[in-house]
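The values are calculated or read from the model by the stated rules, or taken from the named source; none is laboratory data. Because the structure is predicted, anything quoted here is derived from the model rather than measured. Please note: Cβ atoms are built from the backbone with ideal geometry, for glycine as well, and neighbour counts cover all protein chains shown.
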Amino acid sequence: MNELNKIEEFIIEQLEKADSEYLIEKIRVYALGKKGKITQIMRSLSGMSIDERKSFGKEINNLKSKISELINAKRLLIQSVDLEKKLKSESLDLTLPINLESNGNIHPVSQVFQEVSLIFSDMGFDIAEGPDIEDDWHNFTALNIPPEHPARQMHDTFYIKKENDFDSETAEVLRTHTSPVQVRTMLQTKPPINIIVPGRTYRSDSDQTHTPMFHQVEGLVIDEKSHMGHLKGCLVEFVKKFFNIEKINYRFRPSYFPFTEPSAEMDIGCVREGNKIELGGDKNWLEILGCGMVNPVVLENCGVDSRKYQGFAFGMGIDRIAMLKYGMSDLRSFFDSDLRWLKHFGFSQFDFPPDSRRRSF
Ligand code: DAH
């Protein structure tokens, strides 16, 4: 047996025994590394005569490719065995009962979004969405709040700076209310329209009852005959279902919004004691939403014929009605990501559908 056969036999024997990638690498270095056995023999070719080089060179080259193929094959084999072992050890038993204790919770805002959507869906409303970053026209001008209108000051708007754009109509803002989705819907759909728009809104304001990002739900109904009576009926029905109280005290107070005419605010009766507010009675009143008949100017701005169509709209603070229903006193804690708070006020995934339940602590 010549020298090459011996080396070959030895390497193959080692490869057969090797059972880890680490050992395979060691064998590769032993055979084919810079100072490896086969590499050294190849180097010695330079000292041989041309004829010797021809025959021996071929032999050594064949051995080199054979060994590297064997090494690669064995490496792949070991990798697939390792993977198989890993998959086996990490397998999940899907039949195991879930651990309710370690589940994440549904945030009260998400829960209330679901509750509100469910109640209005039952009344025949569809759900619409719009972008959080709005242009000035959709957020203000189309809603009958032209530049310089005093109502713009009420909104503490976050403006988005765009370089070299001096056109106020295309200036971008973080939407200050969900009302621009009324505009987008009317521009794209023919009446009759029945939508609600749950979503995020932004204003530069922060205290116990205000956060820079908050949530609203907008409502819009456009057809040929809806009037204030329908608006009232719809909102009273909603409030009863949402708070799960059959006899609720409420009042509609005249108000002003540029996009509705006439406009009103809805208050519900409550009792306030310190930081605590309890629903019921008519000792104190709490404003929960703004509403009114859609201003014909807005209809025309959105391409809707105001001689044929009319309708009503409303806008409500989601966080505020969540606080009221579930007894939370500081809006800022909604967004603190404090796990103790989330655990206490959060909901389980299985609390759905939730419209008929109230939480008491
Ligand atoms: N957009 C108003 C706000 O954010 C709320 C509102 C009031 C919406 C009256 C309406 C409405 O659709 O009719 O303060």
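Some values worked out for this structure:
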quantity	calculated
Pick from segment 308-338, criterion among the acidic types (Asp, Glu) and touching a residue at least 12 places away in the same chain (Cβ under 8 Å), ranking: nearest to the ligand (Cβ to nearest atom)	Asp319
Where a residue in segment 34-54 is in the same structural domain as Ile67 (by TED's automatic domain parsing) and its partner, wherever it lies, is of a type in the set (D, E, K, R) and at pLDDT 85 or above, with Cβ under 6 Å and at least six apart	Ile38/Lys64; Leu45/Arg53
Filtered residue count, segment 68-115, keeping only those that are of a type in the set (Asp, Glu) and surrounded by fewer than 10 Cβ atoms within 10 Å (Cβ to Cβ)	3
Hey, Lys225 more than 16 Å from the ligand (Cβ to nearest atom) and not in a strand (DSSP E or B) or not	yes
Count - residues of segment 253-275 that are part of a strand (DSSP E or B), within 12 Å of the ligand (Cβ to nearest atom) and of a type outside the set (S, T, N, Q)	7
Qualifying residue in segment 240-252 (condition: over 21 Å from Phe125 (Cβ atoms), within 12 Å of the ligand (Cβ to nearest atom), more than 25 Å from the chain's Cα centre (by Cα) and in the same structural domain as Asn301 (by TED's automatic domain parsing))	no
Flag if Arg175 is in contact with an Asp or Glu (Cβ under 8 Å, 6 or more places away or on another chain), touching a residue at least 60 places away in the same chain (Cβ under 8 Å) and among the basic types (Lys, Arg)	no
Wholly enclosed strands (runs of 3 or more DSSP E) of segment 119-205 bearing at least 3 residues in contact with a helix residue (DSSP H, G or I) (Cβ under 7 Å, 6 or more places away or on another chain) and surrounded by 13 or more Cβ atoms within 10 Å (Cβ to Cβ)	193-202
Subset of segment 303-344 (residues that are of a type in the set (Gly, Ala, Ser) and outside any loop (DSSP other than H, G, I, E, B))	Gly311, Ala313, Gly315, Gly317, Ala322, Ser333
Condition check for His215: within 16 Å of the ligand (Cβ to nearest atom), at pLDDT below 95, assigned by TED's automatic domain parsing to the domain that holds Met186 and not charged (D, E, K, R)	no
Close pairs (9 angstrom Cβ cut-off, 6 or more residues apart or separate chains): under 13 Å from Ile288 (Cα atoms) and among the aliphatic types (A, V, I, L, M) in segment 206-219, part of a loop (DSSP other than H, G, I, E, B) and within 11 Å of the ligand (Cβ to nearest atom) anywhere	Val217/Thr178
Helices (runs of 4 or more DSSP H) completely within segment 1-118 that count 2 or more residues being closer than 30 Å to Phe345 by Cα and among the aliphatic types (A, V, I, L, M)	none
Residue satisfying all of: in segment 241-252; of a type outside the set (Asp, Glu) and assigned to a loop (DSSP other than H, G, I, E, B); surrounded by the fewest Cβ atoms within 10 Å (Cβ to Cβ) among these	Lys247
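Residues checked against (1) closer than 20 Å to Phe140 by Cβ; (2) without any contact (Cβ under 8 Å) to a residue 12 or more places away in the chain; (3) within 13 Å of the ligand (Cβ to nearest atom); (4) assigned to a strand (DSSP E or B):
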residue	(1), (2), (3), (4)
Ile277	no, no, no, yes
Ile288	no, no, yes, yes
Cys291	yes, no, yes, yes
Val297	yes, no, no, no
